[in-house]
Amino acid sequence: MQKRSLTLLAAAALVLVVLAIVVLAAGDRGISRAAQGERAFPSLAAKLGEVTSVTVSRNGSTTTFIRDGDSWLAAEKGNYPANAGKIGQIVLAMADLTLVEPKTQKADLYPRLEVEDPGKGKSALVSIKDRSGASIAELIVGKRRYDRLGSGNDGVYLRKPGNAQAWLARGSLDPSGEPSSWLDRHILDISEKQVAKVELAQTDGTKLVISRASPEAKFAVEGAPADAKFKSETTTSGPAMALETLDLDDVKPATELTVPEKDVVTAAFTTFDGLTVVVRLLERDKTNWISVSAAGSGTAESEAKKIDEKVSHWTYAIPSYKANLLKTKLADLLEPAKGS
């Protein structure tokens with residue numbers, strides 16, 4: 001009996017060893033085998049320095065971000081600088097995900113959690129790879145479950161591609177947002193207080209020039225009729241605010257979309273310190289695209305060079321309200337005639 005008991009114990013131990021080997025071999029890919037309270041990707045935190053690409057697929061579009069030192073570049077946008085902070089948060093959030101509760105394994109219930117296969121619903125697929133192209137972590141990210149009690153326990157539903165088990169995990173992973181939110185949206189920020197003169201030339205040949213002698217002075221329209229009645233000082237100075245916090249909605253390499261020098265809106269901004277920024281605007285498919293160039297003298301020479309180095313290779317889509325400032329005509333600044 002004692003010999004038989006020892007045999008049974010040895011067999012049971014062997015089974016446990018085999019099971020342990022299987023679990024370890026599955027690694028991070030075996031999320032459904034993980035236990036509650038475990039990390040979704042236990043080894044990711046130790047491999048953060050090896051991450052060289054992050055791919056996000058959502059709503060039929062895919063964007064791959066390539067690591068370039070401390071920066072990130074958007075591959076599908078001609079390697080335009082990406083929002084490094086947001087991408088870093090995605091990687092850290094993936095590493096921090098903690099499994100809380102197993103949910104459904106039924107595909108017909110996935111839409112409730114938004115963990116359908118990518119391209120079939122509202123889910124997002126996030127893939128993280130190392131410099132060799134090997135996958136470090138890959139996850140279908142679903143609906144978020146916000147912390148309603150203020151205890152800091154936000155959650156998200158998730159599922160591993162090829163794995164039927166869906167989970168509720170604790171963490172703040174959020175790959176949502178407009179495509180532009182993944183990019184470095186900042187183009188320029190030249191305050192209205194810095195601007196001495198704005199010259200606007202429209203495609204119909206009309207021109208508008210506003211200027212002032214000092215930062216404290218009010219803008220005046222050059223060459224305006226003596227009897228002209230303007231709507232307000234704010235309206236008159238409006239074009240000078242076009243470059244203030246100017247952010248993009250989209251971007252393309254200038255080689256892919258070139259704004260011509262003729263038959264487009266042209267705006268020239270001159271600052272009190274000698275900087276001149278020229279913006280050319282092209283409307284295409286109801287989107288306002290601009291090219292930007294800069295020149296400077298004296299103390300503004302280095303600033304102009306810095307701007308040109310940043311913007312010369314790109315064509316930017318800008319918000320309509322900014323484009324409308326560039327399209328301002330004299331008639332837009334005047335009070336409507338009586339009876340009109």
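Just give me the residues in the stretch 44-77 being open to solvent by 40 Å² or more (accessible area, probe 1.4 Å) and of a type in the set (Gly, Ala, Ser), in sequence order.
Within the stretch 44-77, Ala45, Ala46, Gly49, Gly60, Ser61, Gly69, Ser71, Ala75 qualify.
Which of the residues spanning the stretch 118-138 are in a loop (DSSP other than H, G, I, E, B) and of a type outside the set (S, T, N, Q)?
Pro118, Gly119, Lys120, Gly121, Lys122, Arg131, Gly133, Ala134
Please give the number of the condition Leu243 fails out of (1) over 27 Å from Lys86 (Cβ atoms); (2) in contact with a helix residue (DSSP H, G or I) (Cβ under 9 Å, 6 or more places away or on another chain); (3) modelled with pLDDT of 95 or more; (4) not polar (S, T, N, Q).
Looking at each condition in turn, Leu243 falls short on (1).
Taking interchain pairs and intrachain pairs at least six residues apart, which have beta carbon atoms under 7 angstrom, with the first residue in the stretch 105-127 and closer than 17 Å to Pro175 by Cα and of a type in the set (Gly, Ala, Ser) and the second modelled with pLDDT of 95 or more and open to solvent by 60 Å² or more (accessible area, probe 1.4 Å)?
Matching pairs, first to second residue: Gly121/Pro111.
So Asn324 clears everything in (1) within 17 Å of Ala267 (Cβ to Cβ); (2) surrounded by 17 or more Cβ atoms within 10 Å (Cβ to Cβ); (3) not β-branched (Val, Ile, Thr) except one condition, right? Which one?
All conditions are met except number (2).
Only one of (1) out of contact with any strand residue (DSSP E or B) (no Cβ under 8 Å at 6 or more places or on another chain); (2) open to solvent by 70 Å² or more (accessible area, probe 1.4 Å); (3) in a loop (DSSP other than H, G, I, E, B) is not met by Asn153, so which one is it?
Condition not satisfied by Asn153: (1).
Can you work out which of the residues in the stretch 237-275 that are closer than 16 Å to Ser320 by Cβ and not in a loop (DSSP other than H, G, I, E, B) is nearest to the chain's Cα centre (by Cα)?
Here the answer is Asp250.
Is it the case that some residue within the stretch 257-264 is closer than 30 Å to Ser214 by Cβ and open to solvent by less than 40 Å² (accessible area, probe 1.4 Å)?
Scanning the stretch 257-264, I find no residue that is closer than 30 Å to Ser214 by Cβ and open to solvent by less than 40 Å² (accessible area, probe 1.4 Å), so the answer is no.
Condition check ((1) acidic (Asp, Glu); (2) open to solvent by 30 Å² or more (accessible area, probe 1.4 Å); (3) not in a strand (DSSP E or B)) across all residues:
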| residue | (1), (2), (3) |
| --- | --- |
| Ile140 | no, no, no |
| Pro175 | no, no, yes |
| Ser181 | no, yes, yes |
| Ala213 | no, yes, yes |
| Ala217 | no, yes, yes |
| Gly223 | no, yes, yes |
| Ala226 | no, yes, yes |
| Thr235 | no, yes, yes |
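Which count do you get for residues in the stretch 271-313 that are surrounded by 20 or more Cβ atoms within 10 Å (Cβ to Cβ) and hydroxyl-bearing (Ser, Thr, Tyr)?
2
The values are calculated or read from the model by the stated rules, or taken from the named source; none is laboratory data. As the structure is a prediction and not an experimental result, all values here were calculated from the model. All Cβ positions, glycine included, derive from the backbone under ideal geometry; neighbour counts span all protein chains shown. Heavy atoms of the whole protein, side chains included, go into the accessibility calculation; ligands, DNA and RNA do not. Shrake-Rupley method; radii C 1.70, N 1.55, O 1.52, S 1.80 Å.
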